Structures are given as C-alpha cells and as structure tokens.
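The values are calculated or read from the model by the stated rules, or taken from the named source; none is laboratory data. A quick note: this is a predicted structure, and the numbers were derived from the prediction, not measured. Here the Cβ is made from the backbone with ideal geometry for all residues, glycine too, and neighbour counts use every protein chain on show. We work out accessible area using only protein heavy atoms, side chains counted, and drop any ligands, DNA or RNA first. Shrake-Rupley method; radii C 1.70, N 1.55, O 1.52, S 1.80 Å.
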Amino acid sequence: MMGRAGRPQFDDSAVAVIYVQDSKKTFYKKFLYEPFPVESSLLPVLPNHVNAEISAGTIDSKQGIVEYLSGTYLYRRLFANPNYYGLEEDSEEAMLKFITQIVDGSVSELLESECISVDDDSDVIKPTPYGRIASVYYLQHETIRFLVKSLNSGCTIENMLKLLTDVPEYAEIPVRHNEDLINTELQKKLRIRFSTSVMGNSACKAHLLFQAHFMRTILPTDYRTDLKSVLDQCIRILQAMREMTRLKNWLTATMNIVLLQQMCYSARWYDDHPLLCLPHLSYEDACSIGDDMTIPKLQNLLGIEKFTSSEDPKLVKQALKLFRECTTLDETHSKEVLKYLCHWPIINMKTMQLVDTKGNVEDIDESKEMKVIAGEVYKLRIVIERVGPARNNSSMYLPQWTKPKQAGWIVIVGREFNDQILNTTSVIGSHSTRVTAKLDIRIPAT
C-alpha cells in the first residue's frame, strides 16, 4: 500500500502515515527501523544434512555431529533466542542437554531409515548404501524409509507410479482453494481414478498430474506450473528407486522403473502405440501404419540409416508415399514426421564380447550358447554405433519434457527365470558415433 502513495505521473515523493494504538507504537517503530531477526530452519531437516556429511566421510561419530552443529547458524541462534527453539532456560546445562537430544534424535531417525549403521563397540557411524543414495540424489531420509518398506520385486508400473507420488518430496505440491473440485473433474479424463475423499491431497494431485502428462491432457495455467515442478523432481527420485531395486537384484522391478522413466520423458503410457511419440500422428494413423510398428521398425522400413539427411529427395518421396497411403497427414506434417523420425537415434550393436579372468575374448552370438563358469567374474563389453542422419547428434525430440535431453541407453544383464539382475550400467550419448559399455558380471553358482 505504501508503494501506491503519491501520484506517479505528477509527484516525485510521497508521505505514508501509519495509525496505530498508542500501546503498539513502540513495537511498530522497532519493526520499521530495526532489522527483523532471522532464525534458523535447520532443526527440522538436520538428519538429512547429517546423513550427507556422514556419506561424504566428514562425520563418523556423535561428537562429529556436535562439532558440525557448532559451525552452523542454528548454534548461534540457540544462544541468542533459545525460546524460539523450545528451550525453557538458557543455562549451560540445559543447552548441552538440548544439543545431546537433537544429535541422538538425528542418529535415531537415520538408523530407522536405514541410512546409517553404528558400530556397537566403537560407536563409529558409517553410511549404508541407502544413505549414500539419499545423499547423491538429494532425497529426504523419510523418502528412503518409505521406499525401503514399500518397494518389492512384484511392483508393476502402476505400483511404481503410486510409490513415486507418495514420497515426501511431493508433499509440498500445493492444493489451492477449490482445486479438489478441479481434480475430481480432471480424473474423469484419466486412466487411474481415486476416491473423491483424497482429491485435496498433494500425493493424489501429483498422481493426476503425471497421468495428465502421459495422456498429454490440456491443463489450466497453475496446473502446468505444478506439473513442471513435479517433472523436475521425478527423475532423481526414479533413479534412486532404480538404485534401490538394483541393490535387491530385482530384475522386473528395475525394468518397470526404467519404463516409468521413459514414460516421463516421452509423455506417453507404456502401452500406447510407439509411433504416438512422433508429432501429428493420431492413434488411427499409427495403427494404419501398423499395429505392431515401432519407431526402429519404421526407420528400417524407410531405410533411413542409409541416408545422411532427412531432406534427401529419394527418402522424402518414399516417406510421403507411405504417409499418404496410410495416414491423413498433409505434406507439411508428413515432412515434419520424417524430420523427427530421422532425428531419432538409430543404433547397431557393433560388438558384444565376454572376457574371462584369463583375458580370453569371445564374441557373443545370439544364435549359439556360450559356456561360462559359475562363480567366475566376466567382463562384458558392448560397442554401440550410431548410424543414419542423426549419427553425430545425440539430442532427443521430447516436446513435452521440460529440459533438453541427450539420448542414452541403460544396459541391464539379468536372469529372467529367477528375476535376478547380474549388473547394470548407463550409456550416455555423445558427439562420437560410437560409445562403449563395460560391466562386470559374476556368474551365480545356482
């Protein structure tokens, strides 16, 4: 209101007058002329900071946590304004007791979340694999606790989506006034529905936003802002979930998380027609091209890997002929589909080799079996070669994703009959036409 004082077009100064009760005059003068005290917000999230320091190796005991606290703003404000932090008295004994309580509380919380382990004899604190995951992916320890209890080997993609939206990171998604009514109407257009009693819940709204993203549903402006916030966080949470299922050696669960991650990037359900990832194609157009047609199959049908440009006259001619016969696209849209079809990565498995402990190299051939020794560790080497017009460009066509994305592949080696992962690694695209994936595989005894 004070900013509106005066007439902007005529006056170069203005006067604002504040009328208050005489008893409150001193308070308002102090409020206007003295800086407002800033208090620390560290206390509620202290276990997360402690876990990060333990994972980094800078803290390995309760005494180390106390020393860490002594260098924080929280420690300074404890002495300046103890009542704000729940201390009834500011004596040295009370302060020491309070610090001991918050240190013990942080350790107890992290133990319950399985983020740390404490040696019974030496009281040395060490990070667990789960604690390192929380630190690397900037997750709350409560999220790790929730996922440890909830993840299992039989989780479907729908189960994984529900777990993803139930994590504490999404508890701050705002549900504004009357948005419970909007959520109720929105879910009528979506695949998975909830009871109307949870429409005002942040986790439910996050779930609806993901579904709307997968179905490319038009959303109100506020919801588009919320969706961007939801998508910005989802990949690091999914990567953490994948790491956790990898620790458990669950093959199917890990594959389902990878599929959910792909759904987030492409803004499509896992069982949608693959060609719907391309622009302008309707479901009827995609089915007309082929019910079982995929992007790699369509690229192979057009022989795209033999060409160096999406504007090659011969390629354009045969593509326009196909789209004219099978779809309702006009020439402009057909050329745009071809452009992104050429932009989509085309890869060939140049070599697949298995190296034993003695250094013997054997090429892997899908047509014949290979003998391996149980208990031995082998090195798997895969050389991937990119071909076609986009062989030197690894950027992806993802119009619904919030950020630029480079092409990448996840290599998973496992045994399907007992749902066991042997190892997994990621291969990130680069400007080079060849990338190599290397990983160690221990052959199980049974």
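The table that follows gives values for the structure above.
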{"item": "Residue with peak Gaussian network fluctuation, the chain [Cα springs, cutoff 10 Å], from Lys30, Lys339, Lys379", "result": "Lys30"}
{"item": "Residue-by-residue Karplus 3J(HN,Hα) for the stretch 170-186, coefficients 6.51, -1.76, 1.60, Hz, glycine and proline x", "result": "9, 5, 9, 5, x, 10, 7, 4, 6, 6, 4, 6, 5, 4, 4, 6, 5"}
{"item": "Computed helical MRE - 222 nm, the chain, DSSP H runs ≥ 4 contributing -39500 (n - 2.57), nearest 500", "result": "-13500 deg cm²/dmol"}
{"item": "Longest site-free stretch - the chain; sites: chymotrypsin sites (Phe, Trp or Tyr not before Pro), DSSP loop, at most 11 other Cβ within 10 Å", "result": "20-446"}
{"item": "Cα radius of gyration and Dmax for the stretch 43-129 (Å)", "result": "13.3, 40"}
{"item": "Calculated from backbone phi, Karplus (6.51, -1.76, 1.60) coupling profile of the stretch 265-278 in Hz, x at Gly/Pro", "result": "5, 8, 6, 9, 5, 4, 9, 5, 5, x, 6, 5, 6, 7"}
{"item": "Base-10 log of normalised Debye intensity for the stretch 179-221 (one unit scatterer per alpha-carbon) at q = 0.13, 0.16, 0.18, 0.27 Å⁻¹", "result": "-0.21, -0.32, -0.41, -0.97"}
{"item": "Top positive-direction residue, dipole computed over the stretch 356-446 with Cβ charges, set Thr425, Tyr378, Ser367", "result": "Thr425"}
{"item": "About the Cα centre, charge dipole magnitude for the chain (Lys/Arg +1, Asp/Glu -1 at Cβ), debye", "result": "1580 debye"}
{"item": "Net charge over other residues, Cβ less than 14 angstrom from the Cβ of Glu185 (K, R count +1; D, E count -1)", "result": "+2"}
{"item": "Coil-residue trypsin sites (Lys or Arg not before Pro) of the stretch 140-191, DSSP, other Cβ within 10 Å capped at 16", "result": "Arg176, Lys188, Lys189, Arg191"}
{"item": "Degrees, to the nearest 10: 92-112 long Cα axis against longest axis of the chain", "result": "20 degrees"}
{"item": "Above-threshold pairs, the threshold being 21 Å between Cα atoms, out of Lys248/Lys371; Lys306/Lys403; Lys62/Lys97", "result": "Lys248/Lys371; Lys306/Lys403"}
{"item": "Largest-first principal axis extents of the Cα set of the chain (Å)", "result": "87, 75, 45"}
{"item": "Residues of the stretch 151-266: accessible area per residue with a 1.4 Å probe, Å²", "result": "43 Å²"}
{"item": "Net dipole in debye of the stretch 346-443 [+1 Lys, Arg Cβ; -1 Asp, Glu Cβ; about Cα centre; nearest 20]", "result": "500 debye"}
{"item": "Euclidean distance of C-alpha centroids, the stretch 414-446 and the stretch 250-279, integer Å", "result": "19 Å"}
{"item": "Over 32 Å between alpha carbons, listed pairs Lys126/Lys379; Lys162/Lys405; Lys162/Lys379; Lys335/Lys405", "result": "Lys162/Lys379"}
{"item": "All-pairs Cα distance distribution in the stretch 274-343, expressed in whole percent, bin size 5 Å", "result": "3, 18, 33, 30, 13, 3, 0"}
{"item": "Accessible surface of the chain, 1.4 Å probe, proportion on carbon and sulfur as whole %", "result": "51 percent"}
{"item": "Evaluated at q = 0.10, 0.18, 0.19 Å⁻¹: base-10 log I(q)/I(0), Debye formula over Cα of the stretch 133-287", "result": "-0.37, -1.13, -1.23"}
{"item": "The chain: most fluctuating residue of Met244, Met95, Met370 per GNM, C-alpha cutoff 10 Å", "result": "Met370"}
{"item": "Unit charges at the beta carbon, dipole of the chain: most positive-side option, Cys326, Gln187, Phe146", "result": "Cys326"}
{"item": "Surface accessible to a 1.4 Å probe, per residue, for the residues of the stretch 294-409, Å²", "result": "62 Å²"}
{"item": "Solvent-accessible area per residue for the stretch 43-129 (1.4 angstrom probe, square angstrom)", "result": "58 Å²"}
